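Visitor: Mind looking over this structure? Questions follow.
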Amino acid sequence: MFGVRRPAQGPGDDGPAGGKPAGTAAADGDSGNAVGNGSSQATAGESGEVTGNGSTRPTVSEPGKVPDGAASPAASGHGGPPGGVPGSSGAARAGQPGLRLIAIATVTVAAVAAGIVYGVTHSSPARSASSQQAHAAAGAIRVASISPGNQAANVDGANPIIVTFSGQVSSNSAKPKLSPRVPGTWTATGNTLEFMPNTPFQPSTQVTVEVPAGPSGVHAADGGLLSTAVTSRFTTAAYSQAGLAVLLAQQGYLPMNWAPIQADASLTQLESTDPAAETPQGIAYDPPPGIFTWQPGYPPQLQEQWVPNQANVILQGAVMAFKSEHNMTIDGSLTPQLWTALFQAQENGELNANGYTYAIANKGTPETLTIWHDGQVVLTSLANTGIASAPTVDGTFPVYERFLNTIMSGFNPDGSYYSDPVQFVSYFNGGDAVHYFARGSYGWPQSLGCVELPYNDAEQAYPYLTYGSLVTVQG
């Protein structure tokens, strides 16, 4: 189960005319990774598949997945060297799904130095000494634990930060310092100081928590001071593929709908206290419980490509479609620019302007191309695929380049050179494309790998085969 709150190319013909492209366009930015490569043999997903809390969500290292990793185990002693984190707790939901339920451990200590009597005079030195004696009478406090724990990895950047002490903390106490800073609120409750972010920390970022000591640092409700300053660090996770899928589904880039599942009222109340979790960035880290439901009309060949917790060609195509509508380099990489645009589109309520298209090139007898758009068959045409010495490769591929008119050139199997004008061209796998090419007949292997259509059918197919549209070759 996982989810979000709300749901937004015309055909791009601005590519340079020329021969067959050798592959997809260069990555947009320098820190992203591809959602998927080439065809997908993912295991079949199910209509109405539930994912998220309570389900198994494998961590991943591909784009759109959470890298493997776990929080470092915490020490549990009462002391430790200065700057250490005594009793550090593990990272909250580090690399794991689940509702942001916060368990706050309390540490009870006995009151000390009861009944101490001291005098007060009118001199400044006496007042200073008196103040110091008061703190000594109250007794020092120490850090019992910090969550996420020191050196924890794959931490949900929308999670709260909780510092637990050995005694009750004053509401007027100095607060820990965070680097980098994000908007949020520190709250003193019992033995804890809790930071609730309004917006999440950035992904794959080291966060430093510094707990100050001494007269200007954290102090207890009875006036006791924190004896030793503590510094702890954790690293946030990458945004999850689950979150990517939810955002793309809500914006209309997937052939399925997503809707939240109504949670128990008490859980909903706890969730609502974590404002960062409800932002698009928080959803990208770990969506709340929800369900994907396939839109009717699409063939099982498409549904077989979907695995919500793994990289798959459906998500790759959706990312490419999103980028084409937002004037970005059209590929499947998950760059910071993509996430920024995706979050902005979510906040603006933007939807996919082109709808969803899927096509199957069937190498049976006769050979055909069938196109579905928004769950409806909009074209069935005779087609020509590759001859035996230059076959059209089986698999599922996203459209990555398009031309109304271009020249295809290369060498025939016998070594002779060709340079042919073609129209209504949608490249989907290397040099293979759906396009018009004049033939005496259609329905049997004649091309050098392309899916050739009659003129009228190619003209009808072209507006539907927008960037990111999937083409399955089978048979």
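Visitor: Using a 7 Å offset from Cα along Cα-Cβ at T205, what residues in segment 233-249 end up with backbone N under 13 Å from the label point?
Guide: Hits in segment 233-249 for T205 at 13 Å: 234-239.
Visitor: Which ³J(HN,Hα) values in Hz, rounded to whole numbers, follow from the phi angles of segment 312-317 under the Karplus curve 6.51 cos²θ - 1.76 cosθ + 1.60, where θ = phi - 60° and Gly and Pro get x?
Guide: Karplus values, whole Hz, x for Gly and Pro: 8, 5, 5, 5, 4, x.
Visitor: Residue by residue through segment 431-438, what is 3J(HN,Hα) from phi via Karplus (6.51 cos²θ - 1.76 cosθ + 1.60, θ = phi - 60°)? Round to whole Hz and write x for glycine and proline.
Guide: x, 8, 8, 8, 6, 8, 8, 5
Readers should treat all values here as calculations from the given coordinates under stated rules, not as data from a laboratory. Keep in mind the model is a prediction, meaning the values are calculated, not measured. Cβ: placed from backbone, ideal geometry, glycine included. Neighbour counts: every protein chain shown.
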